[in-house]
Amino acid sequence: MVNNDWLVHWILRLRQHGLYQVLQKSLMLLFPFVLVGSLSQVIQLTVLNRDSFLATIFNWSTWLGKHQFLAIIFNHLTGLTLGIVAALAAFSMARYTAKYYARDEQLAGLTGLLAYLMLAVRYTANNELTFTQGMLGMGGLFMGLLVGYLVGFAFKKLAHQQRQTPVLAEATLSRTLDSIGAIILVLSIAVLLSLLLNWLAISVLPDQVILKLQSVNANQATLPFTLGVTLLASVLTFFGLTSMPTLAQFGRDGIATNANLNYALAHHSIWNVPYPFSLGTLYEPFGAIGGTGGTLALIIAIFLFSRQTNQHLISRWSLLPVLFNFNSTVLVGLPILGNGLYLIPFLLVPLVNMGVAALAIAWHLIPAVVYNVPLGTPSLLQAFVGTNGNWGALVVVLLNIVIGVLIYRPFVQCANRLNEQGGGRDVKND
């Protein structure tokens with residue numbers, strides 16, 4: 001067994017920091033909403049989408065045409081949960097930060113939510129108000145947490161310490177007056193920043209950085225370039241700075257992907273395509289099995305090696321979305337985001353898995369993934385479908401899962417030790 005005493009010691013010290021505790025609590029508070037949104041999104045893409053993998057196999061197109069109202073219901077459910085998770089993060093982070101500093105948590109939470117919604121507002125040409133959807137969903141999670149923390153910190157500096165008073169109307173009014181200065185200042189700054197963002201017409205989301213790479217020349221679709229972009233996206237995802245589907249979209253729509261498909265159609269073969277090591281051929285089919293970070297392997301490692309009941313429960317709830325590459329529940333529920341314990345395997349697993357697949361392609365053991373994979377295809381079958389049923393590609397996927405489990409194993413066992421030593425105990429009461 002790997003000696004990870006140094007890691008346990010470092011994480012124990014990190015968990016004593018107030019900001020770390022506030023962050024972990026805030027993410028766990030979001031879990032039920034992310035879970036509902038993820039399950040709804042899976043149903044949308046796998047069951048209610050006419051072009052999905054399951055709908056194509058079972059020929060559901062006619063049935064779906066008669067029940068379009070179901071798609072509307074689940075679309076709204078996804079939008080009102082997963083689609084506003086960053087705004088909810090601003091609420092939870094402001095709430096727990098204010099509580100940590102013994103300030104009014106309810107008022108701080110509501111102020112954080114309203115301040116973040118103000119930052120996400122955009123003015124249209126018709127002088128109507130709309131919201132930047134990217135800032136409200138998972139891609140804006142870091143911004144939501146940051147705004148929430150700053151709001152809670154403002155309450156620490158400007159609001160009075162929370163009084164222990166009976167639950168009466170007069171007491172509630174008194175608490176409100178104690179925090180009125182912080183509320184006015186925070187909302188005023190939020191309005192000014194919102195006007196500035198609208199005037200400059202800029203995006204604050206790093207998603208755009210990754211998508212801009214899509215315009216690079218196809219000659220950049222080499223293995224080092226692909227691994228570098230994957231590492232960048234994994235780092236951004238780990239800190240809640242980008243939405244999970246971004247890199248997959250890059251892989252599907254890149255110049256190299258189109259060139260590979262054209263070659264296959266012209267030569268009636270998927271072997272020896274011009275760009276075998278692009279994002280489209282390596283990332284989603286082999287590197288991101290179960291979503292960014294290869295989190296299907298993490299769930300299996302938890303089932304096999306974790307002794308924590310909560311981790312098992314969260315993993316069971318998360319298994320279905322993860323099987324279809326939606327891992328928001330794992331990132332928020334365990335939580336993975338911002339958790340130093342899982343940083344190394346989260347970054348390492350996709351790179352190792354893509355390296356294994358690249359070797360198999362270079363040695364002509366398997367062809368590159370060329371064909372477009374239908375939406376809602378299970379993560380285990382993406383390489384198999386994308387190679388038109390090559391069994392070797394499926395074997396490489398299964399091998400990558402085993403490798404991923406082995407990489408995650410010592411960190412899951414480290415989490416066991418932390419739990420047994422009371423590393424997750426809070427300095428302050430919930």
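Once the Cα-Cα distance is subtracted from the 0.36 nm per residue extended length, the Asn262 to Val36 segment shows a gain of 77.4 nm. Please report the carbon-and-sulfur percent of the accessible area for segment 285-352; probe 1.4 Å, protein heavy atoms only, DNA, RNA and ligands left out. About 71 percent, which is the carbon plus sulfur part of the accessible surface. Between Arg122 and Thr130, Phe131, Thr132, the built amide H atoms are under 5 Å apart, and every one of these is 5 or more places off in sequence or on another chain. Sorting 326-337, 307-318, 226-237 by their mean Cβ neighbour count within 10 Å, with the most densely packed peptide first, gives 326-337, 226-237, 307-318.
Subtracting the Cα-Cα distance of Asn372 and Leu187 from their residue separation scaled by 0.36 nm leaves 61.9 nm. Karplus-based coupling profile of segment 301-312, in residue order and whole Hz: 4, 5, 4, 7, 10, 7, 10, 9, 4, 5, 5, 5, with θ = phi - 60° in 6.51 cos²θ - 1.76 cosθ + 1.60 and x standing for Gly or Pro.
For the pair Leu177 and Leu196, label points projected 7 Å from Cα toward Cβ lie 3.4 nm apart. Descending by average beta-carbon neighbour count within 10 Å, the peptides 363-371, 394-402 line up as 363-371, 394-402, the highest first. Computed extension gain for Leu406 through Leu70, at 0.36 nm per residue and net of the alpha carbon distance, reaches 116.9 nm. With a cut-off of 13 Å between beta carbons, the residues surrounding Gly333 carry a summed charge of +2, where Lys and Arg count +1 and Asp and Glu -1. Peptide packing: for 84-95, 131-142, the average count of neighbouring Cβ atoms within 10 Å per residue gives the ranking 84-95, 131-142, highest mean first.
The values are calculated or read from the model by the stated rules, or taken from the named source; none is laboratory data. What you are looking at is a predicted structure, and each value in this text was computed from that prediction instead of being measured. Cβ sites come from the backbone with ideal geometry, for glycine too, and all protein chains shown count toward neighbours. With ligands, DNA and RNA removed, areas are computed over all heavy atoms of the protein, side chains included. Shrake-Rupley method; radii C 1.70, N 1.55, O 1.52, S 1.80 Å.
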